[in-house]
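The structure appears below as structure tokens.
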Amino acid sequence: MLKTDTRQANWRRANPAKYDAHLAVQRAVKAGDLEKKTCEVCGAEAVDAHHDQYDEPLKVRWLCRLHHTRLHHHGEDMFPIRRPTEG
């Protein structure tokens, strides 16, 4: 259990499912089980993993910090989930 009283530690205590999903992504990327992709909006290489559903921790959307922040502030309609193209 976290014993510190920082903003980050308080967020982790208040959001255990989100924190667990974040850790699962970190572990999977480090192990080579999940590959970081470029931002699905602009193609930037520096990306964050965004979870649409935390109960599927390795199902993420890769977004640069700008587009990840905009998605959280302006809503899901801003960047709808892109379906892989067949071909």
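Numbers at a glance
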item: Test: residue in region 49-66 that is in contact with a helix residue (DSSP H, G or I) (Cβ under 7 Å, 6 or more places away or on another chain) and among the small types (G, A, S); result: yes
item: Pairs with Cβ under 8 Å, 6+ apart, first in region 17-34 and exposed (fewer than 15 other Cβ atoms within 10 Å of the Cβ), second hydroxyl-bearing (S, T, Y); result: A17/Y54; K18/Y54; D20/Y54
item: Those residues of region 54-77 which are in a loop (DSSP other than H, G, I, E, B) and at pLDDT 90 or above, in sequence order; result: Y54, D55, E56, P57, L58, K59, C64
item: Test: H72 is free of Cβ contacts under 8 Å to residues at least 24 places away in the same chain, within 19 Å of N15 (Cα to Cα) and surrounded by 14 or more Cβ atoms within 10 Å (Cβ to Cβ); result: no
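The values are calculated or read from the model by the stated rules, or taken from the named source; none is laboratory data. Since the structure is predicted, the reported quantities are computational estimates derived from the model, not experimental observations. Every residue, glycine among them, receives a Cβ derived from its backbone with ideal geometry; neighbour counts consider all protein chains shown.
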